[in-house]
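To keep things clear, I will list the structure first and then write my remarks on it.
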Amino acid sequence: MRLISFDILKYILLIWKCGSELILSPENKATVEEGRPLTLTCRSNETSGIYRFFYIDDHGNKINYGNGGGSFLSCTNSTSQALMACEFGSQWTFRLTITHPVHNQTVYCRGVQSSQELLTSTTIFVKGDATLSVIPSSNVIVNQTISLQCLFRSGQLGVYFDLPGHIGCIVEFGKCARGCGNFSSIECPNNQTYIVNVTVLSSWHSATFSCDSPFGGLRSKITLNVTVPVTFGIISANQTSLDSGTTMYLTCQTSYCQPPATVTWYIANREILDHTILTYDTNQFFQSRTTFKLQYTAMPRDNGQNIYCFANNINGESVVSDKITLDVRYISDVHIFPSGNLQAVVGTEKFWIHCYAEDANPKVTEYKWFKGTSSNLTALSYSQTLFFKTVEIQDSGQYTCNATNAAGTSTDTIQVIVQYTPMAAKIIEVVCQDTRAFILWTSSNTYSNDDTYKEILLYKRSNDLLFTELEKPNRNRTNNNIKLIEVTDLKPDTEYFFSVLTLSRHGSAYSNNETCSTNIETAENIIGDCNTRIAVAVGGLMCAVVFLGGLIITGAIYHRKAKQRQQSGNMFLSIYIYTQTKTNPLHVNLCIGNMKVSDN
């Protein structure tokens, strides 16, 4: 508060000369726009005396602006802040122009005439532009408490706030309250700053707030950007239980909010991006409501999973809707165990194949087994496992398993291949010479395309413990399963045992055992009888052709060069002829001849 000295008060109270006047204009309050000079005029009806303009600073000191009058009719400036001008006529007039008026400053005009003193004054009011600001920011959230601060550079005696929904709010300096409604608080820390604390309403988005001086001046305006958080999401579905592959429609709708919310669909933790439709609608407060429609196609993996939506319109904050649990009905792929083409051997006991469907919803209610590929088949079994007590050759074929539940039927097939175990070969004749032997046998197996089928000749001397193996290559097979093999490097005058081992993936079988001795004399007897045996065989063959129309003749000739004997340069020719009829299933003549042939 400014201090006024006792002397100044005395000037105001003393008027010594009746009829003397000292008039200062503007009177009481001198209004000027901020940044412009102010001119004060002081007039006296006297033509004598000394006149002075001055003011009292904040410390109580009297500061002169200028002086005028006296016998010399002079006019003098006392400071660079003002200009003094004087007119000396029938009335003395003194004009003081203040270049930088100070708001709320009181300026005095004093006249001294002999022993008489006159004093008058006026207060400067600088009209400054208001500046409205929002603390902490004009970007606010609904229900947030903010401060509207109106600031004047030069100070004002009050302020006028204009808020949406209110006629107005006048705040007077010193009283700091009048007609402002139910706000949190009003503050007037000085005559330059006026503060109204308010709670943000959702309807204030994009609304205009202003403040200015009650006495006129430039109004300051500001617009709030009110964020209204999304508060909920409503999810609805036309159904929650459906078959795999079918479509359902779901809708997620947010509350009205500002700015518009972003909506995202999820199943479990997996975001759904496809087949969505997004729409907005706006209310009277320019708030938006988001509606997000989803077209969902059911998949087995989603059974039992939750489907829901997230909505957010404030960075880092979001709300989640209610969750809907999906019931997806499906029949999973059916599998047969063991898998692949299944091979079995005739006579196998407790043979089975098993059908299963994993993760079906609901559980499989029926299994059916069929054999064959026709569309009109009778079910073999309604059990999940198909059992064969003993496998028979007619069990070969394609088997189909159907698994059925409320969602449909799934199918798988398997091929069962039934085979015989190997049948034993039969040795027909064995012929030994001095160091070698010829073995002739037949086989009734039908595994010509089976890579695992093998025939192995086993032989040993009579006093040996172990057999020696000589494998018969598959490429040496003849059309009627007649095999002939030569064994060399045998010891002379030794008895040998011969047998044929048949092997396949399904088992093994041994032929009959036959013996012969490597004896030179025995070999010569056989050679000598060669022509006769051949003639008999051929004659028998011709009779079979003539008299037994069902006779089948098959022949094969096996020859190879042998070591030249020291006593001759002959080649050994081995000939075998056999016949097969209904009455004589198999007759074979084997002759090893010491015959002379050409290399042709």
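The values are calculated or read from the model by the stated rules, or taken from the named source; none is laboratory data. Keep in mind the model is a prediction, meaning the values are calculated, not measured. A quick note on method: Cβ atoms are made from the backbone with ideal geometry, for glycine too, and the neighbour counts reach across all protein chains shown. The area values use the complete protein model at the heavy-atom level, side chains included, leaving out ligands, DNA and RNA. Shrake-Rupley method; radii C 1.70, N 1.55, O 1.52, S 1.80 Å.
Some values worked out for this structure:
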quantity: Label-point separation in nm, Phe285 to Glu172, each point 7 Å along Cα→Cβ; calculated: 3.5 nm
quantity: Ratio Rg/Rh, restricted to region 365-442 and using Cα atoms, in which Rh is the Kirkwood radius; calculated: 1.43
quantity: Percent of Cα pairs exceeding the 18 Å cut-off, where the set is region 307-374; calculated: 66 percent
quantity: Mean projection area, nm², convex hull over Cα of region 262-351; calculated: 10.3 nm²
quantity: Cα-based radius of gyration of region 209-272 once divided by 2.2 N^0.38 Å, which approximates compact folds; calculated: 2.16
quantity: Potential extension, Glu349-Ser25 segment - 0.36 nm per residue separation minus Cα distance; calculated: 103.4 nm
quantity: Compactness of region 240-295, expressed as Rg and Dmax over alpha-carbon positions, Å; calculated: 13.6, 44
quantity: Relative intensity, log₁₀ I(q)/I(0), of region 19-152 from a Debye sum that treats every alpha carbon as a point, q = 0.12, 0.16 Å⁻¹; calculated: -0.54, -0.80
quantity: In nm, spacing of pseudo-spin labels at Phe467 and Leu218 (7 Å Cα→C-beta vector); calculated: 12.2 nm
quantity: Förster-model FRET efficiency, 60 Å R0, Thr199 and Met299, C-beta, rounded to 0.05; calculated: 0.75
quantity: Label zone at Thr390, where the point sits 7 Å out along the Cα-to-Cβ direction: region 334-363 residues whose backbone N lies under 20 Å; calculated: 344-353
quantity: Listed residue pairs exceeding 31 Å between alpha carbons, taken from Lys350/Lys460; Lys29/Lys62; Lys460/Lys483; calculated: Lys350/Lys460
quantity: Among 221-233, 127-139, the order from most to least packed when residues are scored by Cβ within 10 Å on average; calculated: 221-233, 127-139
quantity: Ile234 paired with Lys460, simple spin-label distance in nm, labels 7 Å along Cα-to-beta-carbon; calculated: 9.6 nm
quantity: Accessible area per residue, Å², region 48-149 with all protein chains present, probe 1.4 Å; calculated: 46 Å²
quantity: Region 274-417 - Rg (one decimal) and Dmax (whole number), Cα, Å; calculated: 25.6, 88
quantity: Fraction in percent of alpha-carbon pairs per bin - 10 Å, region 189-343; calculated: 9, 27, 20, 15, 11, 8, 5, 2, 1, 1, 0
